[in-house]
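A quick write-up on the structure given underneath.
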Amino acid sequence: MASLTLWPVQNVYVSEWYATKNFDFSIGLFVSQYQQPGDDYRSLIQFDLANLPITGTIEKADLELKIYRNEVS
């Protein structure tokens, strides 16, 4: 079975409190709540799938993320 590693080509996070802004040049991605209800963040990650074989079958995919800090338990 062949293996292929894909790295993100773009990423951004968005904030409920800053609904008209995207944070595209940040060193990290935010998810969940920061400090209180209504302060929600979501992250988007884009991968270039052009190198995937058209006739291939994806049998398994893994996404590894590391936590930097956690404000809300």
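Observations on the structure shown:
- Relative contact order, whole percent, for the chain stands at 32, derived from Cα pairs under 8 Å and 6 or more residues apart.
- Given charges at beta-carbon only (K, R positive; D, E negative), |dipole| of the chain in Debye: 80
- Residue-span extension gain [Ser43 to Val9] - 0.36 nm each, minus C-alpha spacing: 10.9 nm
- Per-residue HN-Hα couplings for segment 54-61 [Karplus 6.51, -1.76, 1.60; θ = phi - 60°; Hz; x = Gly/Pro]: 4, 8, x, 10, 7, 9, 7, 9
- Percent carbon-and-sulfur accessible area, segment 17-73, ignoring ligands, DNA and RNA, probe 1.4 Å: 53
- The protection proxy used here, the mean number of other Cβ atoms lying within 10 Å of each residue, ranks peptides 13-21, 54-62 as follows, highest first: 13-21, 54-62.
- Gyration tensor over the Cα atoms of the chain: the corresponding equivalent ellipsoid has semi-axes (square roots of 5 times the eigenvalues, largest first) of 31, 14, 10 Å.
The values are calculated or read from the model by the stated rules, or taken from the named source; none is laboratory data. Computed from a prediction, not measured in an experiment: that's the story for all the values here. Glycine also receives a Cβ, built like all others from the backbone with ideal geometry; neighbour counts cover every protein chain displayed. The protein model used for the area step is the full one, side chains on, heavy atoms only, and it has no ligands, DNA or RNA in it. Shrake-Rupley method; radii C 1.70, N 1.55, O 1.52, S 1.80 Å.
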